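See below for the structure under consideration.
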Amino acid sequence: MPFINENYLKLQAGYLFPEIDRRVKTFAAEHPEKAKRIIRCGIGDVTEPLPPAVCTAMHRAVDDLADRASFMGYGPPYGYDWLRHAIAEHDYRGRGIEIADDEIFVSDGSKPDCGAILDIFAAGRNRIGVPDPVYPVYVDTNVMAGNSGGPRTGGGYEGIVYLPGTPENDFVPDLPREPVDLVYLCFPNNPTGSVIGRDALKSWVDYARANRAVILYDAAYEAYIADPELPRSIYEIPGARSCAIEFRSFSKNGGFTGVRCGFTVMPKDVQVQTTDGRSLALHPLWSRRWSTKSNSVSYPVQRGAEALYSPEGRVQVQELIQHYMGNARVLREACLALGLRTWGGVNAPYVWVACPDGVDSWGMFDRMLHEANVVITPGAGFGRQGEGFFRISAFNSRANVEAVAERMGALVGAGAGSAGSR
Ligand SMILES: *Cc1c(COP(=O)(O)O)cnc(C)c1O
């Protein structure tokens, strides 16, 4: 009989979203008259349709496939050259960042890439640094790969170095106090909506270079950065080409959460060590990983992604971002007006809010569900440090967001506690 990957047995139950679902279903069953009123601001999924330029390009691509003369079979395992070129040109070189076309690896999204990247690092030998709270995928993929011990009481795993994000550091973690080999950063952040300034990001790059660590930089929400002072890519920082791998996705800018496309930037300068002390580049290993394990993403999807860089596509993406950022402003202002301590919602589509005194994350979730019929995400689901906070997502229609703002006003006015004094 084969042996199982016992690392999977260490994983704590996929608790957050199933538990949210369970509570919403129970509430709806008990209050059928309110079921239709429920507004979901919980899951970080987009709501608006694809940009028209994408649809046109994808329709045309299907027509290509329907004709023997223009039919395409397997494409290159790293993505078509025209898409890699469009990405490198528009997202990097056009902004003065030195990234070559063959340093772009097209994929079916950042979540898969976050898991796949661990293939090229030694399992069980690297110390992993992860912000807390953060997107749960970084931790769980490392547990699966054998880079952690078992679960700790109170949340998290032994052996992982957690980097707390708190109101004191504006949810931008301080440099690790113990050594790490691989460290994840996510800006603009999910769930806190925090952003990192150039100086702080430079201190991370300097740290990584001095300590020979590698930064895995998740820039899935880069398109939401409106402030020109903020770095949109880690490669804007000198020296990052030798110590950082960047993940990008078309999910949150182009609305591709269901279409599936993203990419990894793997600069040829990133080197890590072998057991016998040699320094080797990761780029050839990442190339090999793709050519062996994947045949890339479908041709119509890559044509759709390419269309995001066309002149019309870029305008339409901006319209989508403006829509969601308008929502974020409404939600943020609603929370501030209630006297709740609020972060994010500027340069990011998430608003992060401190629960009123005496209410924990799940308590706030229940109160919002029962009294306002609004689904939010309890901060505790993103890590220990998320306890006492909740996340509201701006991914919704304007009408829904305005209704949420109005209902929140009524909720706190009706006695959510001493929030106004904070
Ligand atoms: C949504 C999201 C992604 C994107 O994942 P895809 O697989 O590309 O849809 C990546 N990182 C974070 C932090 C996210 O919230």
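Figures for the structure shown
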item	result
Output for segment 371-400, where each listed residue is touching a Gly at 6+ places or on another chain (Cβ under 9 Å) and surrounded by fewer than 21 Cβ atoms within 10 Å (Cβ to Cβ)	Arg384, Glu387, Gly388, Arg398
Odd one out for Glu158 among (1) in contact (Cβ under 8 Å) with a residue 24 or more places away in the chain; (2) touching a Pro at 6+ places or on another chain (Cβ under 9 Å); (3) more than 16 Å from the ligand (Cβ to nearest atom); (4) acidic (Asp, Glu)	(1)
Residue among Met325, Met364 that is under 25 Å from the mean Cα position of the chain (by Cα), more than 30 Å from Leu50 (Cβ to Cβ) and open to solvent by less than 40 Å² (accessible area, probe 1.4 Å)	Met364
Residue match in segment 193-207 (condition: within 30 Å of Gly255 (Cα to Cα), away from the ligand (no atom under 15 Å from the Cβ) and either modelled with pLDDT under 95 or among the β-branched types (Val, Ile, Thr) (or both))	no
Conditions (1) surrounded by fewer than 23 Cβ atoms within 10 Å (Cβ to Cβ); (2) in contact with a helix residue (DSSP H, G or I) (Cβ under 7 Å, 6 or more places away or on another chain); (3) part of a helix (DSSP H, G or I): number failed by Trp290	(2)
Lone qualifier among Ile225, Ile215 - being in contact with a Pro (Cβ under 9 Å, 6 or more places away or on another chain) and of a type in the set (Val, Ile, Thr)	Ile225
Among the residues listed as Arg212, Arg177, the single one being in contact with a strand residue (DSSP E or B) (Cβ under 9 Å, 6 or more places away or on another chain), at positive phi and away from the ligand (no atom under 16 Å from the Cβ)	Arg212
Residue in segment 237-244 that is within 23 Å of the chain's Cα centre (by Cα), modelled with pLDDT of 95 or more, within 26 Å of Ala61 (Cβ to Cβ) and within 16 Å of the ligand (Cβ to nearest atom) present	no
Residues that are open to solvent by less than 20 Å² (accessible area, probe 1.4 Å) and either in the same structural domain as His90 (by TED's automatic domain parsing) or touching a residue at least 60 places away in the same chain (Cβ under 8 Å) (or both), drawn from segment 340-361	Leu340, Gly344, Gly345, Asn347, Ala348, Pro349, Tyr350, Val351, Trp352, Ala354, Pro356
Which numbered condition Gly14 fails, given (1) modelled with pLDDT under 95; (2) within 21 Å of Arg407 (Cα to Cα); (3) out of contact with any strand residue (DSSP E or B) (no Cβ under 7 Å at 6 or more places or on another chain)	(2)
Strands (runs of 3 or more DSSP E) wholly inside segment 161-279 containing at least 2 residues that are open to solvent by 50 Å² or more (accessible area, probe 1.4 Å) and more than 30 Å from Arg332 (Cβ to Cβ)	271-273
Among (1) out of contact with any helix residue (DSSP H, G or I) (no Cβ under 6 Å at 6 or more places or on another chain); (2) within 30 Å of Asp63 (Cβ to Cβ); (3) away from the ligand (no atom under 16 Å from the Cβ), the one test that Ser296 misses	(3)
Every residue from segment 94-126 that is more than 16 Å from the ligand (Cβ to nearest atom), buried (at least 18 other Cβ atoms within 10 Å of the Cβ), of a type in the set (Asp, Glu) and under 18 Å from Val272 (Cβ atoms)	Glu103
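The values are calculated or read from the model by the stated rules, or taken from the named source; none is laboratory data. Everything numeric in this text was worked out from a predicted model, so none of it was measured. A quick note on method: Cβ atoms are made from the backbone with ideal geometry, for glycine too, and the neighbour counts reach across all protein chains shown. Side chains included, ligands, DNA and RNA excluded: accessible areas come from the protein's heavy atoms. Shrake-Rupley method; radii C 1.70, N 1.55, O 1.52, S 1.80 Å.
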